[in-house]
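Written out below as structure tokens is the structure these notes cover.
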Amino acid sequence: MSYQERRAIVSFVSTALIAMIYAAVMVQRYPAVDAYSADVFRFWGAFVLILIPVTIAAKIVVTIVFSILNTVITREEDQEVMDERDKLIELRATRNSQYVFGIGVVLAMGALVIDQTPSVMFALLFCAGVVSELVSEASTFFIYRRGF
């Protein structure tokens, strides 16, 4: 298995774990008020604003730990050079991710059209973001595995 495939798997698993743990912690803080209360919107604002630095910090830690463990186990240095093939694979994975996120945004807006609460819309947007990142990592893995 190549370095890029291992990196994609680690990133996939870490993204899923970070999202599940973060959502489990934050759901406990959901306010028990009317669905259209200002407290609900404040909760979702805080949810997103806290999610960004938590995800960035966790991804940095996971990347560093993966790099160290990969170097120790395989006795190979990290591959810092990206050639045209790597860039093309990254573009394809990004394209797939953007398609999934776009569909998720349309579904979130559709939830409002069918009279769902704003919390449903925000939850769908969160899920769309997580699923799009997972699709990006899975696409990267499968494209490298396929050999393109």
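The values are calculated or read from the model by the stated rules, or taken from the named source; none is laboratory data. Keep in mind it's a predicted model, so treat the numbers as computed, not measured. Note: ideal-geometry Cβ built from the backbone for every residue, glycine included; neighbour counts use all protein chains shown.
Of all residues in the range 117-148, count the ones that are modelled with pLDDT of 95 or more and not in a helix (DSSP H, G or I).
0
Within 21 Å of Thr140 (Cα to Cα), surrounded by 13 or more Cβ atoms within 10 Å (Cβ to Cβ), free of Cβ contacts under 8 Å to residues at least 12 places away in the same chain and under 20 Å from the mean Cα position of the chain (by Cα): is that true of Ser97 in this structure?
Working: within 21 Å of Thr140 (Cα to Cα): yes; surrounded by 13 or more Cβ atoms within 10 Å (Cβ to Cβ): yes; free of Cβ contacts under 8 Å to residues at least 12 places away in the same chain: no; under 20 Å from the mean Cα position of the chain (by Cα): yes.
Considered against the rule, which asks whether it is within 21 Å of Thr140 (Cα to Cα), surrounded by 13 or more Cβ atoms within 10 Å (Cβ to Cβ), free of Cβ contacts under 8 Å to residues at least 12 places away in the same chain and under 20 Å from the mean Cα position of the chain (by Cα), Ser97 comes out as no.
Could you check Tyr36 against (1) farther than 30 Å from Pro118 by Cα; (2) in contact with a Pro (Cβ under 8 Å, 6 or more places away or on another chain) and say which number it fails?
Going through the list (1) farther than 30 Å from Pro118 by Cα; (2) in contact with a Pro (Cβ under 8 Å, 6 or more places away or on another chain), Tyr36 breaks only (1).
So, of the residues in the range 107-146 that are among the hydroxyl-bearing types (Ser, Thr, Tyr) and surrounded by 15 or more Cβ atoms within 10 Å (Cβ to Cβ), which turns out to be nearest to the chain's Cα centre (by Cα)? Don't jump to the end; show me each part of the working.
First pass over the range 107-146, keeping only residues among the hydroxyl-bearing types (Ser, Thr, Tyr): 117, 119, 132, 136, 139-140, 144.
So of that shortlist, the ones also surrounded by 15 or more Cβ atoms within 10 Å (Cβ to Cβ) come out as 119, 132, 136, 139-140, 144.
On the way: Ser119: 20, Ser132: 6, Ser136: 8, Ser139: 13, Thr140: 14, Tyr144: 19 Å.
It comes out as Ser132.
Among the residues of the range 50-89, which ones are aliphatic (A, V, I, L, M), closer than 20 Å to Arg145 by Cα and free of Cβ contacts under 8 Å to residues at least 24 places away in the same chain? Before you say what the answer is, go through the steps one by one.
Looking only at the range 50-89, we keep the residues that are aliphatic (A, V, I, L, M), and these are 50-52, 54, 56-58, 60-62, 64-65, 68-69, 72-73, 81-82, 88-89.
From what is left, the residues that are closer than 20 Å to Arg145 by Cα are 81-82, 88-89.
The answer is Val81, Met82.
Here is a check on your reading of the model: is Ser2 under 27 Å from Thr94 (Cα atoms) and modelled with pLDDT of 95 or more?
Details: under 27 Å from Thr94 (Cα atoms): yes; modelled with pLDDT of 95 or more: no.
So Ser2 does not fit the description; no.
Can you name the residue in the range 23-69 that is over 12 Å from the mean Cα position of the chain (by Cα) and buried (at least 17 other Cβ atoms within 10 Å of the Cβ) and, of all such residues, is nearest to Glu80 (Cα to Cα)?
Phe66
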